[in-house]
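Peer 1: Structure below; questions to follow.
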Amino acid sequence: MKVLPFPCIRPVPERAAEVAALPYDVFDRAEAAAYVSEHPLSFLGIDRPETQFAPEQDMYAPEVYARGAELLQERIDEGIYQEDPSMSYFLYELTQDGRTQTGVVGVCSVADYDAGTIKRHENTRAEKERDRIEHIRALGCQTGPIFLTYRDEPVLSFILATVKSGSPLYDFTDEEGVRQRVWEVRRPESVDAIREMFGRVPCAYIADGHHRAASAMRVAHEMRAAAEEAGTYTGKEPFNYFLAVLFPASELTILPYNRVVADRAGRSVEELLAEVRDAGFEVAEVEGAIEPAVPGEMGMFTGGHWHRLALGPELAEAVREADPVSALDVSVLQDRILGPILQIDDPREDPRIAFVGGIRGTEELERRAGTEGVAFSMHATGIDQLLAVADAGLLMPPKSTWFEPKLRSGLFIHRIAPKA
């Protein structure tokens, strides 16, 4: 697998904490505008440039994306960002609740993505890609790193630990209490060692960022086609690579991705419970919220009460014999309850279903379900399950995984087109 160092646009160290922002898609429009108003140097203003306009402005208009490009250049001109010409890797360490994960920031090959060496486990939706496509086109940069994982390589881990013995370039704790530390790797022997070790890694997996990846690929293919038509294509252009952070699988933690359906599809509580039992589940009403402790266990909140759902004997046997996708708890829920009982046939499109990251807690599920809805608390999909699905060339249901902590945007930017 090819993972290369690159010339990075990055904040100067004394501005890193002000600039670093949560990913663009964890905010709705009003939340993004409010946050940028209070944090004017946050990269979110560039990532979501509609925050620079009145609320009635079409957020997908060309002038909005153009303003994002202007803002980035202004920050460079002001000395908040610097364009570092050296070919460097970066180590990106995040520590939350006593747990640390360290990734390598570099650029991965579009050809590896196209060939399936970089594996995916989710479908993408064209309408969600369009915004990031226009953002990349306008800025001429990739600003949202793709979160990749790989099966541990002990020698590489040793090399990274050695690099981390030096002083970090950035060291700050963000608003969520996550300590963020970054080391720059530019010594030729260290750069060569990291590049060589990734050459021994057979494949990587998209953990988070399928839409960002698909958008980056679309722009890369467009730019290549234009260069080929002009007769200038060499294969060495920056657009042949995309920005990524690669973490060893053993360091990652996946949180549950819970579900809330707005109503019971015309059923009373008693009718719903009876149909769930008929679908192969053992159902027991319990006091207090359910946070499933083992695969195959789910919590269901409806009508003001929590119920523990467990796989009955026949259903458990069917799951054991199923393929890696059908065996996932989120698939069992979809195939046995959400689809046939609650009539959520397409969870990607149905407005009656909402997905709630496990970090929000069960109180949020109760609030969203209210008196008429149904909430499901899930056991987290395991990292081994994610890798097995991708290795089998299969796709997970939407919103199967929730990774924490989230990567901050604005710390690393990859320019893929010359300045206008």
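Peer 1: Provide the packing ranking of 314-323, 131-140, i.e. peptides ordered by the mean count of other C-beta atoms within 10 Å per residue, highest first.
Peer 2: 131-140, 314-323
Peer 1: In addition: How much mean residue ellipticity at 222 nm does the chain get from its helices, if each DSSP H run of length 4 or more adds -39500 (n - 2.57) and you divide by all residues, to the nearest 500 deg cm²/dmol?
Peer 2: The helix contribution divided over the chain gives -9500 deg cm²/dmol.
Peer 1: Let me ask something else about it. How much length is gained on full extension from Asp97 to Val283, taking 0.36 nm per residue of separation minus their Cα-Cα distance?
Peer 2: 63.6 nm
Peer 1: Mind jotting down the distance between the C-alpha centroids of the range 16-44 and the range 66-123, whole Å?
Peer 2: For the range 66-123 versus the range 16-44, the Cα centre distance is 17 Å.
Peer 1: May I pose another question? Using a ≥ b ≥ c from the Cα gyration tensor of the chain (square roots of the eigenvalues), is it rounded, prolate or oblate, where a/c under 1.5 gives rounded and otherwise the larger of a/b and b/c decides, a/b for prolate?
Peer 2: prolate
Peer 1: Between Ser326 and Glu229, take the C-beta separation as r, use R0 = 45 Å, and let me know the FRET efficiency to the nearest 0.05.
Peer 2: That pair, Ser326 with Glu229, gives E of 0.50.
Peer 1: Checking the cross-link filter: which aspartates and glutamates have an alpha carbon closer than 19 Å to that of Lys164, excluding same-chain neighbours under 8 positions apart?
Peer 2: Cross-link targets: Glu93, Asp152, Glu153, Glu184, Glu189, Asp192, Glu196, Glu251.
Peer 1: Can I ask one more? Over the chain, what is the percentage of antiparallel beta bridges among all DSSP beta bridges, to the nearest 5?
Peer 2: Expressed as a percentage, antiparallel bridges in the chain total about 90.
Peer 1: Right, something else. Which of Val104, Val163, Val182 moves most in a GNM of the chain, Cα contacts under 10 Å?
Peer 2: So, out of Val104, Val163, Val182, the one fluctuating most is Val163.
Peer 1: Over the chain, what relative contact order in percent results from Cα pairs under 8 Å that are six or more residues apart?
Peer 2: For the chain, the relative contact order is 24 percent.
Peer 1: Output the 0 to 90 degree angle, nearest 10, between the alpha-carbon long axis of helix 29-38 and the longest principal axis computed from the alpha carbons of the chain.
Peer 2: 50
Peer 1: In whole Å, what are the Cα extents of the range 122-254 along the three principal axes, biggest one first?
Peer 2: In descending order, the Cα extents are 47, 36, 28 Å.
Peer 1: How far, in degrees from 0 to 90, does helix 62-77 lean away from the longest principal axis of the Cα atoms of the chain, to the nearest 10?
Peer 2: 50
Peer 1: Compute the acute angle (0 to 90°) between the alpha-carbon long axis of helix 154-163 and the principal axis of greatest extent of the alpha-carbon atoms of the chain; round to the nearest 10°.
Peer 2: 50
A short reminder: the numbers here are calculations on the coordinates, not readings from a lab. These numbers were taken from a predicted model, which means no experiment stands behind them. Positions of Cβ are generated from backbone atoms using ideal geometry, with glycine treated the same way; all protein chains shown enter the neighbour counts.
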